[in-house]
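Mind looking over this structure? Questions follow.
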Amino acid sequence: MPDTVAARRIASRGLVLIALGLVALAGIYLLALGFTPVERFQGLPQKIFYVHVPAAWCALLAFSLTGIASGLYLWLRDPRLDRFAESTASVGLMFSIIMLTTGPLWGKPVWGTWWEWDARLTFTLILFFLFLGYRALRTALVDPEERARFSAVVGILGLVLVPFVHLTVYLFRTVHPQPIVLKPSEPSLPWDMLRTLLASLAVFTVLLIGFVMTRYGLGNGEDRGNRDNREKGDGNGR
Amino acid sequence: MGVDVLPVSNAGYLIAAYVVTAVILVGYAVVLWRRYKRANRE
């Protein structure tokens, strides 16, 4: 019972963070549309940058956390790590969908095409499908221990792919722009644009934390509830 | 710095991207909120 109460508390705090994040997102839209200059060459579509990059950041961060938690699970065999890995993978998929829809919406007016089968875009899509497979695997396996063990291996494979996705713009010829903030040298953006990007990154990160906390809390509560139900069923059967 | 006067060309892509982002985030929040309410009722 105390576990369920603690899980509910984590979920409710997560929901508060999500609510705050969504209100702040409205502020980011206002900041990006009204108080950030229009890029000279790309025009208005460049402002998609302020949601596309933070969504990509959150997706890759969430998938990295999935891989780390999966590795730790295989070492420590703590079911909370498996639940955390599952939560981050699901939230990462949600941010991936934002990344994979806003990207083509930016690409069409700037590159003249919705999609280009170049290294960055293709490997990002492969990463998305890998974690879609992770979700499918979890749904297919019934035994919790087996499910946690098998999905942890897939989670670690995803972690291996994350830095590769980031480095594709250096390793291959690609139409995708090179990093302008996450790079060894100073960010190559005017302050007005950098300020909006950093604010958006902060808001998206708050949303990521809120979503993961809520999913983790609800997942734990459901595990406990299912176990309680099974135990009740066994008791009635005796 | 005041509000810029923005050119309207290609504004549809920007609006679509911002709407899609908001719909996905709010939609996911609503799904989790409903699951939370349901879990609390049980």
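The values are calculated or read from the model by the stated rules, or taken from the named source; none is laboratory data. Here the structure is a predicted model, which means the values were calculated and not measured. Cβ sites come from the backbone with ideal geometry, for glycine too, and all protein chains shown count toward neighbours.
Just the residues that are modelled with pLDDT under 95, under 15 Å from the mean Cα position of the chain (by Cα) and among the hydroxyl-bearing types (Ser, Thr, Tyr), please, taken from region A:117-166.
The one that is modelled with pLDDT under 95, under 15 Å from the mean Cα position of the chain (by Cα) and among the hydroxyl-bearing types (Ser, Thr, Tyr): A:THR124.
For A:ARG83, are the conditions met, namely being of a type in the set (D, E, K, R) and surrounded by fewer than 17 Cβ atoms within 10 Å (Cβ to Cβ)? Quick ask: steps written out before the conclusion?
Details: of a type in the set (D, E, K, R): yes; surrounded by fewer than 17 Cβ atoms within 10 Å (Cβ to Cβ): no.
Criteria not met by A:ARG83.
Okay, next question. Considering each of A:VAL162, A:VAL203, A:VAL142 in turn, give the residue that is exposed (fewer than 15 other Cβ atoms within 10 Å of the Cβ) and among the hydrophobic types (A, V, I, L, M, F, W, C).
Working: A:VAL162 fails: exposed (fewer than 15 other Cβ atoms within 10 Å of the Cβ); A:VAL203 fails: exposed (fewer than 15 other Cβ atoms within 10 Å of the Cβ).
It is A:VAL142.
Of all residues in region A:36-51, count the ones that are more than 7 Å from chain B (Cβ to nearest Cβ) and either touching a strand residue (DSSP E or B) at 6+ places or on another chain (Cβ under 9 Å) or assigned to a helix (DSSP H, G or I) (or both).
Of all residues in region A:36-51, those more than 7 Å from chain B (Cβ to nearest Cβ) come to A:36, A:39-42, A:46, A:49-50.
Then keep just the ones that are either touching a strand residue (DSSP E or B) at 6+ places or on another chain (Cβ under 9 Å) or assigned to a helix (DSSP H, G or I) (or both); that gives A:46, A:49-50.
Number of matching residues: 3.
Suppose we keep only residues that are polar (S, T, N, Q) and closer than 21 Å to A:ILE28 by Cβ within region A:189-238. Which one would you say is modelled with the lowest pLDDT? Lay out the reasoning, then the answer.
Of the residues in region A:189-238, the ones polar (S, T, N, Q) are A:196, A:200, A:205, A:214, A:220, A:226, A:229, A:236.
Okay, now just the ones that are also closer than 21 Å to A:ILE28 by Cβ, so A:196, A:200, A:205, A:214.
Numbers: A:THR196: 94, A:SER200: 97, A:THR205: 98, A:THR214: 97.
Only one residue fits best here, namely A:THR196.
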